[in-house]
1. In square angstrom, what is the accessible area per residue of region 195-333 with a 1.4 angstrom probe?
2. Among Ala303, Val252, Ala263, which residue has its Cα positioned farthest towards the positive end of the charge dipole of region 233-332, with +1 placed on the Cβ of Lys and Arg, -1 on the Cβ of Asp and Glu, and the dipole taken about the Cα centre?
3. Report the FRET efficiency, 1/(1 + (r/R0)^6), for Ser492 and Ser383, where r is their Cβ-Cβ distance and R0 is 45 Å, rounded to 0.05.
4. For Ala414 and Lys275, what does the FRET efficiency come to when R0 = 22 Å and r is the distance between their Cβ atoms, rounded to the nearest 0.05?
5. Ranked highest first by the average count of other Cβ atoms within 10 Å around their residues, in what order do 493-499, 400-406 fall?
6. Along Cα→Cβ, 7 Å out, is where each label goes; now give me the distance between the ones at Arg199 and Arg401 in nm to one decimal.
7. Subtract the Cα-Cα distance of Leu219 and Ala289 from 0.36 nm times their separation in residues, and report this length gain in nm to one decimal.
8. Quote the FRET efficiency, to the nearest 0.05, computed for Arg436 versus Arg322 with a Förster distance R0 of 35 Å and r equal to the Cβ-Cβ distance.
Amino acid sequence: MAERQNDEQLHFVLARPESAHAHSAAPRASAGNKHAASFSSLRDKVYRRIESFDLAPDLGADIGSRRWFRGLGTFVGLSIVALAFWPDFAPLEAASPLPEDASIRSEYRSQMIMPLGLGADSGRRMGPTDLVRPLAQAPERPQLQMLATLGRGDSLDRTLRRAGVGGDEADLVASLISGAVPLEELEPGTQIDITLGRRPEPGATRPLEKLSFRARFDLELKVDRLDEAGPLNLTRRIIRVDETPLRIRGTVGDSLYRSARAAGAPTSAVQAYLKALGEQLDVQRDVRATDTFDIIVSHRRAATGERQAGQLLFAGLERGSRGALQLMRWGSEGDFFDADGIGEERGGLMAPVPGRMSSSFGMRRHPILGYKRMHSGVDFKASYGTPIVAVTDGRVTGAGRMGGCGNAVRIRHANGIDTRYCHMSRVAVDRGASVRRGQVIGYVGSTGLSTGPHLHYEMYNGGRAINPASVSFVTRKQLSGAELERFRSTLSSLRSVEEGAALADLSPTSDEAASEEPEREIDKLDRPRPIG
C-alpha cells in the first residue's frame, strides 16, 4: 500500500508540471484557432458570394428567365471587350519600292532564271547608253516554211495568197494543178506544205520555192523549181492503193452496237449495219447474245501507210439453227439485197401531197350539187400549185380532162390497184408513161366540180372504189437474169475476204524500195532501243 501511494505521488509530481504547461499554452492556441476560423469563414462567405453572382450561366437552360438574360448580357459584354482589343489590319512593307527605270529592269533581268525565248540573258551587264544605236533593219530568215489548210468554200489560189504567195505565182500554181486534178475536187481540210524563199529586195514578196500536198488518196502533187531562178514545175506521184475490203466478225454479246465498235467497226458502218438489219427483223427481239455479226466495209490502204474506211458493203448475221441473214449493197441507189436478190421492203406514200385530210371516204352532202352522194375518195387540203406525187410505182392509164374530176391522172399499179388524182391545175405526165414512187405527176388546182384548191384522191381494186386510207403499199425489188448472176458472183467474192486481211501493211514493190531515200546513220539514233 505504501509503495502504491508513493508511486501515485510520484506520478502526480511528474505530471503536474506538464499540466501546468498545458494550461499556460491553451490561451495562445485558442487565439490562433480563432484567427484561422475567422479567415475560413470569410473565405467561405466570399466563395458563396461569388457563387451567388453566377457570372456565366448556361444559355441552354432556363431560356427567357432573368438568369438567362443576365448571362446573355455577360456574353455580349465580353464579346464587345474582345472586339475592342482586336488588332488593326495594315500593310507590311517588305522593302522600299525602287524607281521604274529601264536600266534597273535590265539589271534585274540579267539575274533572272527564265527561258531564252522570253528574253533571258546571262551575267551582269550595263543598260544601253546613248552610244547604242538600233539596227537599220533586222536580218530576215532565208526561208519560211508553213502549213496552209484549204477551207470549206475556199479556193486554192486564195489559200496560197493568204499564206504569202504572190498573186501571179498563186495563179500559176492553180493552173498547173488544175491540169492534174480538177480544183473543185480538192476536199476541204487538205493541208499544203509551202516553202517561201528569200526576198529579192526589201518589201518584195517572197518567191515560192516549193509546195506539196495530197490531192487524192492515190495522188500526191509537188510544185518546185529545178534551180533558184527557174520556172515552177509540177510533179505527180501516183501512190499505190489496195482496196481489199475490211471484214469484221464477232459475237453479239450484251450489246450488238458495243460489240461491233469494240471489234473495230467504224461508227457509221455500225449504224448502217443496224439499219439494214432492222429492215429484215426486229433487232431487239430476234438477235441473241450468241449470234455472230459479220460486217464488211469498203477499205483503202495506201503504200505510204494511210488508211481510209468507207461505206458498209455487207451485213451478215449468223443465227445458228435459225438461219443466216446475208445482205449486200447493190445498185446505184445503194439498196441492200439478200442472197436471193430480193431487196428491202419499202412502204408506199400514204398521202400524195403534204397536207391534212379534209374529207374522208363515204357518204356525204356534195358541196356543189347539194345532195348526198357517195364520196369515193379522200380530199387533202393543199395550196394551189403544190406538187402531187404517185403513191407507188405504176403506169399512167389516163392523163387529162375527166369530167367533174377536172384535170386528173389515173395510174395502174400491181395486183389490180388503180389510183386517180383529181382537180389538178396542171398535169405533169403523159398517158402510157411509167412512174416511180414519189415522182411528181401534177400540181394541186381547182378544176372540175371543186370549191377551192385541193386534191381528190381515189383508189380502186378491180374497178371497185375502196378507202385509200385503209391501204399501204409495200414494194420489194427483185433482181433477175444477168444482173442476178453478177450480184451472186460479187457476193461470193465478197464473202471470201479473210477477216482482218485489210489491216496488214502493204509490202513495198521493187520500184518503191528503189525510190526510197537511204536512211542516214544519224537518224538511226532516234530509234527506240530494245531492252533485254
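The values are calculated or read from the model by the stated rules, or taken from the named source; none is laboratory data. Here the structure is a predicted model, which is why all the values come from computation and not from measurement. All Cβ positions, glycine included, derive from the backbone under ideal geometry; neighbour counts span all protein chains shown. Side chains are part of the model used for accessible areas, which takes the heavy atoms of the whole protein and leaves out ligands, DNA and RNA. Shrake-Rupley method; radii C 1.70, N 1.55, O 1.52, S 1.80 Å.
1. 53
2. Looking along the dipole axis, the top candidate is Ala303.
3. 0.30
4. Numbers: r = 26 Å, r/R0 = 1.19.
Computed FRET efficiency for Ala414 and Lys275 comes out at 0.25.
5. Details: 493-499: 12.9, 400-406: 15.3.
Top to bottom by mean Cβ count within 10 Å: 400-406, 493-499.
6. Reported label-point gap for Arg199 and Arg401 is 8.2 nm.
7. Details: separation 70, 0.36 × 70 = 25.20 nm, distance 4.42 nm.
Length difference between fully extended and current span is 20.8 nm.
8. Between Arg436 and Arg322 the formula returns 0.50.
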